[in-house]
Structures are given as C-alpha cells and as structure tokens.
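Q: I'd like to ask some things about the structure below.
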C-alpha cells in the first residue's frame with residue numbers, strides 16, 4: 001500500500017510513528033485512506049510495532065501486537081497476528097482524537113495486553129503525555145495534507161444531463177496504460193453562468209486496458225476501486241449498466257456530494273444515454289484501431305493536476 005514518509009516522536013523507550021496510507025479496493029483489502037499511528041519499541045534488538053491505530057475514512061481500528069507471533073484473536077476470519085479491535089465511529093468520535101485520549105491514559109495496559117509487559121513497565125506516562133500533542137498535530141495535518149486526490153481532464157466530448165454532465169476522454173498514461181475515461185461532472189460552489197462556479201469531477205471511470213479502476217470523489221475522498229477483471233467482462237459495459245440501473249445517485253452521495261445526488265434528473269440522464277454510449281464505443285473502437293487497445297490514444301494525455 002502506498003505510504004507517506006514516516007514522522008516519528010520519541011518518549012523512551014517508545015517511538016510514535018505517523019504516516020498517511022492509501023488503500024485501493026481489490027488490491028489492499030477495501031478502499032480507504034487516512035493516517036496510521038504506530039507505537040514501536042526495541043524488542044530483542046529489533047524495532048517492533050507494539051500497537052497500531054488505523055485512523056482512516058472507513059477503517060477505524062486498533063491492533064494489539066501486530067508483529068507478535070504469540071498473539072492472535074482465536075477464530076478470527078483471515079487469521080494474522082495481533083488482536084484486532086474496532087473503534088465505534090458513533091460513540092468514539094474522531095479516530096485521531098480517540099487515539100490520543102486513549103494513549104494518554106491506557107497506554108501501559110494496552111502494551112501489556114499486546115504482550116510487551118517489560119516495555120509497559122518501562123513506559124513513563126508523563127513523558128508520553130509530553131509528546132502526544134505533537135503526535136496529534138502531526139496526525140491531523142497529515143490526514144488533510146497527504147490525502148491522495150486527483151484532478152483529471154474534463155473530457156473532450158461533453159454530454160449535459162440536468163445538474164450533471166458526462167465527459168468522455170481517450171487517456172494514455174506515461175507507462176502506456178490507459179483507455180477510455182468517463183467523467184461524471186457537476187457544478188459545486190456556485191450556479192451555472194456565475195463567474196465563480198466550480199466544476200468538480202464527482203466520479204471517474206477509467207476503463208483502462210491494464211489497471212482498470214473507478215474513483216469515488218477524485219477531488220474529495222478519492223476512494224479508488226479496481227475492477228476484478230476475472231468477473232467483469234468489459235468495464236465500460238459495467239459502467240453503463242450502473243447508469244441504466246440508476247446507481248449514479250448512491251454513487252455520487254458516497255463520493256461526498258449528497259446535494260447533487262438529490263437533484264439528479266434520472267429521466268434526463270436516460271435521454272442522453274444513447275448518444276453517450278454511441279460516442280463512447282466509437283472512441284473505444286478508435287483506440288483499438290490506433291493502438292490495439294480499446295480507447296487508448298497514441299499520445300500521452302496528462303491530468304490537469306500535472307499542468
């Protein structure tokens with residue numbers, strides 16, 4: 001999983017490690033991103049993670065002894081080391097805040113449960129409390145500043161559909177991957193015709209010949225899911241099935257835009273769909289003619305974010 005460089009804070013014998021992590025669906029378990037906070041110490045001459053706190057958008061959990069081979073949850077599906085526990089997002093609130101509050105008062109007991117009684121006894125809570133404000137500030141800044149988002153091109157062929165529009169684009173990445181991209185766009189922060197209106201990409205479907213995937217809220221949460229190409233015959237066909245089955249509303253809401261989802265005109269979307277599909281498959285065929293891969297152009301097409 002992609003990780004940001006670690007930032008560390010020491011309260012001997014412990015080190016607190018903060019980093020951003022990005023999980024892509026169907027690659028790193030479920031789709032997610034956020035901040036992990038590890039509590040580490042030297043155990044037997046090796047730096048060892050004693051506790052891990054996952055402060056993500058979806059995954060809000062903590063693990064006792066993630067590297068302790070003698071510690072496991074009996075009967076847990078999937079196995080693995082450590083005892084895995086879930087935060088309750090309703091009663092525990094913000095996972096970073098909950099983690100810091102818990103470390104302030106329960107750290108020695110948690111270290112002992114993780115199987116590191118000697119480290120627990122050597123821990124000075126006063127020293128720990130001295131560095132925790134810096135750990136918290138770093139975690140909150142990392143959660144915001146290191147978030148993976150992307151700004152794609154809007155597309156070369158635009159189809160208006162009420163309060164949203166569809167953009168089609170033949171995309172090619174520097175590594176040669178690419179194909180047809182279908183962008184779902186909407187106006188945020190203003191109304192059409194105003195000078196300050198901001199067009200935002202709500203969903204992106206990248207029907208690539210290798211790494212085919214789609215994004216919930218590319219500029220917001222940017223939760224990316226890779227299609228399982230063992231069971232998906234054609235990602236473009238799958239995309240149009242979701243539009244035809246009226247899944248756009250729930251998908252846009254999950255992307256973080258409930259107001260736009262509530263105002264969708266499903267009849268308008270259905271009316272524009274035949275022309276959208278016709279043009280999309282024409283671009284699919286053009287890529288195959290040019291490069292041997294559906295929707296793939298000859299030349300590299302940079303994202304707007306790279307400009």
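Read the figures in this text as sums done on the coordinates, not as results from a lab. Just so you know, these numbers come straight off a predicted model, no measurement behind them. In this analysis, Cβ positions are derived from the backbone assuming ideal geometry, glycine residues included, and neighbour counts consider all displayed protein chains.
Q: Please determine, in degrees from 0 to 90 and to the nearest 10, the orientation of helix 95-113 with respect to the longest principal axis defined by the Cα atoms of the chain, where the helix direction is its Cα long axis.
A: Long axis of 95-113 versus the principal axis of the chain: about 40 degrees.
Q: For the range 262-307, treating each Cα as an identical point scatterer without solvent, what Debye log10 I(q)/I(0) comes out at q = 0.32 1/Å?
A: -1.00
Q: Could you put 283, 229 in order, starting from the residue whose Cβ has the fewest other Cβ atoms within 10 Å?
A: Lowest to highest Cβ neighbour count: 229, 283.
Q: Under 8 Å for C-alpha pairs, at least 6 residues apart: give me the relative contact order for the chain, rounded to a whole percent.
A: RCO, the chain: 14 percent.
Q: Would you mind computing, in nm to one decimal, how far apart the modelled labels at residue 234 and residue 194 are, each placed 7 Å from Cα along Cα→Cβ?
A: Simple spin-label model gives 4.1 nm for this pair.
Q: Another question, if that's okay. Sticking with the crude label model, points 7 Å out along Cα→Cβ, report the distance from residue 299 to residue 57 in nm, one decimal please.
A: Result: 3.3 nm between the two label points.
Q: Also, quick follow-up: Distance between the C-alpha centers of the range 4-66 and the range 92-126? Whole Å please.
A: About 14 Å separates the Cα centre of the range 4-66 from the one of the range 92-126.
Q: For the chain, what is the percent of antiparallel DSSP beta bridges, rounded to the nearest 5?
A: 95 percent
Q: Considering the zone a paramagnetic label at residue 12 would reach in this model (a point 7 Å from Cα along the Cα-to-Cβ line), which residues of the range 114-140 have amide N under 14 Å from it?
A: Of the residues in the range 114-140, 122-124, 127-128 have backbone N under 14 Å from the label point off residue 12.
Q: Looking at the chain as a GNM with Cα springs under 10 Å, which of 99, 156, 142 has the largest mean-square fluctuation?
A: 156
Q: Ok, one more. Sort out for me the Cα centre separation of the range 232-247 from the range 133-206, rounded to whole Å.
A: Value for the Cα centre distance between the two parts: 20 Å.
Q: Further, regarding this structure: Could you tell me the relative contact order of the range 2-147? Use alpha-carbon pairs under 8 Å, at least six residues apart, and round to a whole percent.
A: Over the range 2-147, the number comes to 22 percent.
Q: Over all distinct Cα pairs, what is the inverse of the mean 1/r for the range 157-306, reported as the Kirkwood hydrodynamic radius in Å?
A: 15.8 Å
Q: Pairing the Cα long axis of helix 266-291 with the longest principal axis of the chain, what angle in degrees results, from 0 to 90 and rounded to the nearest 10?
A: Taking the Cα atoms of the chain, the angle to 266-291 is about 90 degrees.
Q: What Kirkwood hydrodynamic radius do you get for the range 1-68 when you take the inverse of the mean 1/r over all pairs of distinct Cα atoms, in Å?
A: With all distinct Cα pairs of the range 1-68 included, I get 12.6 Å.
Q: While we're here: Kindly express, to the nearest 10 degrees and within the range 0 to 90, the angle between helix 235-244's C-alpha long axis and the longest C-alpha principal axis of the chain.
A: Between helix and principal axis, roughly 80 degrees.
Q: Moving to a separate point now. Highest mean first, what order results for 257-267, 35-45, 176-186 on Cβ atoms within 10 Å?
A: Descending packing order for the listed peptides: 176-186, 35-45, 257-267.
Q: For a Förster distance of 35 Å, can you work out the FRET efficiency between the beta-carbons of residue 281 and residue 105, rounded to the nearest 0.05?
A: 0.05
Q: Only one of the values [x] 23.3, 70; [y] 18.1, 52; [z] 19.4, 57 was calculated from this structure for Rg and Dmax of the Cα atoms in Å; name its label.
A: [x]
Q: Averaging the inverse of every distinct alpha carbon separation and then flipping it gives the Kirkwood radius. What is it for the range 7-145, in angstrom units?
A: For the range 7-145, inverting the mean 1/r across all distinct Cα pairs yields 15.3 Å.
Q: Report for the range 7-145 the percent antiparallel among DSSP-assigned beta bridges with both residues inside it, nearest 5.
A: Bridges in the range 7-145 that DSSP calls antiparallel: roughly 95 percent.
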